[in-house]
Structures are given as C-alpha cells and as structure tokens.
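Here's the structure, in structure tokens; my notes come after.
The values are calculated or read from the model by the stated rules, or taken from the named source; none is laboratory data. Everything numeric here is computed off the predicted structure, so don't read it as measured data. When we count neighbours, we look across all protein chains shown, and the Cβ atoms used for this are built from the backbone with ideal geometry, even at glycine. Accessible surface areas use protein heavy atoms only, side chains included; no ligands, DNA or RNA. Shrake-Rupley method; radii C 1.70, N 1.55, O 1.52, S 1.80 Å.
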Amino acid sequence: MKNIVVLVSGGGTNLQALIDAQNDGKIQNGKISCVISSNPEAYALERARNNGIDTAVIRRRDYENQKEYDKALVELLKTKNADLIVLAGFMTILGEYVIQSFRNKIINIHPSLIPSFCGEGFYGLRVHEQALKKGVKVTGATVHFVNEICDGGAIILQKAVEVHNGDTPEILQKRVMQEAEWKILPLAVSLFCDEKIIINENNITEIHK
C-alpha cells in the first residue's frame, strides 16, 4: 500500500476528486496519508480533516531561501513516508533538491493539453484565458511527472474537452475540471500505485494495463 501525499494551496477540488475515488475503492493499492498545504487557510485542509486525513502546513515565507525551504519540505515528505506526491493546485515552486529527492514520484495536473498553454506563467484561469484568446476548439487536461522544466515532465494521461461558443474562462475552467481533471488525476494515481506506469529511455510513459 503506497502512501500518497497531496500538496495543495487552495480549495482542493482535485483533492476532493482523489478522496472520492479512494472512498469509492478506485485506488486499490494506495492511500492518501497526508495533505500538505502552503496556505494555512486553504479549504483543502478542511476537506482532509473531514475525511480523517493527516494535515501539515509549510510556507515558503517562513524560510530564508529556496534551499532551506526545499530541505524542510523534503524532510517533511520523508517523515510522511511519501511514495507518491500529487501536486493538486500547489502554488509554490519546487526546487531541484525536492524533484531529485523524489524522481518520478511527483505528479501534477495541468489544465490544458500539453504542450499547448503550459510552462512558466500558465496556471489557473490564465490557461483558459489564453485558450479562448487563441480560439482553439478543443482543450483538456494533462497529468504528468514533474521534472526541472515547468510542465515538462513525462506525460501520463490526457483527456480532451470541447470548447463551446460563449465560453468564459470560468465556464471553461469548470468544464475542464469536471470532464477531465477529476477523471484522469485519480486514474493516474491508481495506475502509479498499481505500478503500471513505466518511463522509457526517451522520457515517454508506457501504461501497462
């Protein structure tokens, strides 16, 4: 049984999707053992407590520099025996030390079909604003491993979502969450816990079902 640690900063809707999947028995070989927030006021912490999940808070501002913060975060993750780390709306940058300490054990959900609308500066509503500005007819979400390049890690799963006439960034964001993010993130976590995700020499994932 793998220990899943979820990192959050806000409301925790993707965390809730994971909790629901766990409660429904869709994650067989893993369990959310802890939720760590960069924000002590994050509602995601309440979601965790309501489901009997351990919580912790670690804020970047409490550390003198990135190196000290990274060191503290790695130690915290190790004390929680993290086998898989899920970034679910985590708004603090992870340094190289964190990524190297948990190589191919950190996954992120991004609200677009990478490589479109991704990289530095693309997060939250900004992603959907740019998708609408570009006039794309299809967008979606991507679950990927985290490496040193922003949104540049190996892709695990993607799901497409149609863009409708009259969409606003807020409407599109909600549709992408409901039709893509809340579906593929729990599935990716389940696949990881079942040890069915293999990364080949070209940094491309192969899913063994």
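Expressed as a rounded percentage, what relative contact order does the range 36-86 have, with Cα pairs under 8 Å and six or more residues apart?
Once divided by the residue count of the range 36-86, the mean separation gives 29 percent.
Using Cα pairs closer than 8 Å and at least 6 residues apart in sequence, work out the relative contact order for the chain, in percent.
20 percent
Spin-label point model (7 Å from Cα, Cβ direction): what's the Glu179 to Arg61 distance in nm?
Calculated label separation equals 3.8 nm.
Putting +1 on Lys and Arg Cβ atoms and -1 on Asp and Glu Cβ atoms, find which of Ala160, Val98, Tyr63 reaches farthest to the positive end of the dipole of the range 56-165.
Value computed over the given set: Ala160.
Given the whole protein assembly as supplied and a 1.4 Å probe, what does the accessible area of Arg103 come to in Å², nearest 10?
About 100 Å², rounded to the nearest 10.
Based on Cβ point charges of +1 for Lys and Arg and -1 for Asp and Glu, what charge dipole magnitude is obtained for the range 29-157 about its Cα centre, in debye rounded to the nearest 20?
The dipole of the range 29-157 has a size of about 320 debye.
Order Val161, Val136 by their accessible area, 1.4 angstrom probe, all chains in place, largest first.
Per-residue accessible area, sorted high to low, gives Val136, Val161.
Mind ranking 79-92, 60-73 by how tightly packed they are, going by the mean number of other C-beta atoms within 10 angstrom, highest first?
79-92, 60-73
To the nearest whole percent, what portion of all C-alpha pairs in the chain is separated by more than 24 angstrom?
39 percent
Which far-off residues, 5 or more places away or on another chain, put their amide H under 5 Å from the one on Ile156, with H placed in the peptide plane?
Residues meeting the amide H criterion: Val143, His144, Phe145.
Can you pick out the pairs among Lys78/Lys105; Lys2/Lys183; Lys67/Lys196 whose Cα atoms lie more than 22 Å from each other?
Violating the 22 Å Cα-Cα cut-off are Lys67/Lys196.
Which of the GluC sites (Glu not before Pro) found in the range 106-209 are in a DSSP loop and have at most 14 neighbouring Cβ atoms, other than their own, within 10 Å?
Hits after loop and neighbour filter: Glu120, Glu148, Glu195, Glu201.
Name the residue, out of Ile93, Ile58, Ile156, whose mean-square fluctuation peaks in a Gaussian network model built on the chain with Cα pairs under 10 Å.
Checking each option, the largest mean-square fluctuation is seen for Ile93.
Round to the nearest 10 and report in Å² the accessible area of Ile199, as given by a 1.4 Å probe over the protein chains' heavy atoms.
Near enough 50 Å² of accessible area.
Show Ser37, Ser101 ordered by accessible area, largest first, where the area counts protein heavy atoms only and the probe is 1.4 Å.
The ranking, largest first, comes out as Ser101, Ser37.
Could you grab the relative contact order for the range 52-133? Cα pairs under 8 Å, six or more apart, rounded to a whole percent.
Relative contact order, the range 52-133: 23 percent.
Could you state the number of Å between the C-alpha centres of the range 21-61 and the range 127-183?
Answer, in whole Å: 23.
Rounded, prolate or oblate, given the Cα gyration tensor of the range 1-66, with a/c below 1.5 counting as rounded?
It is prolate, given that a/c is not under 1.5 and a/b is the larger ratio.
One quarter of the convex hull surface, Cα atoms only: what value does that give for the range 32-93 in nm²?
Mean projected area of the Cα convex hull: 4.2 nm².
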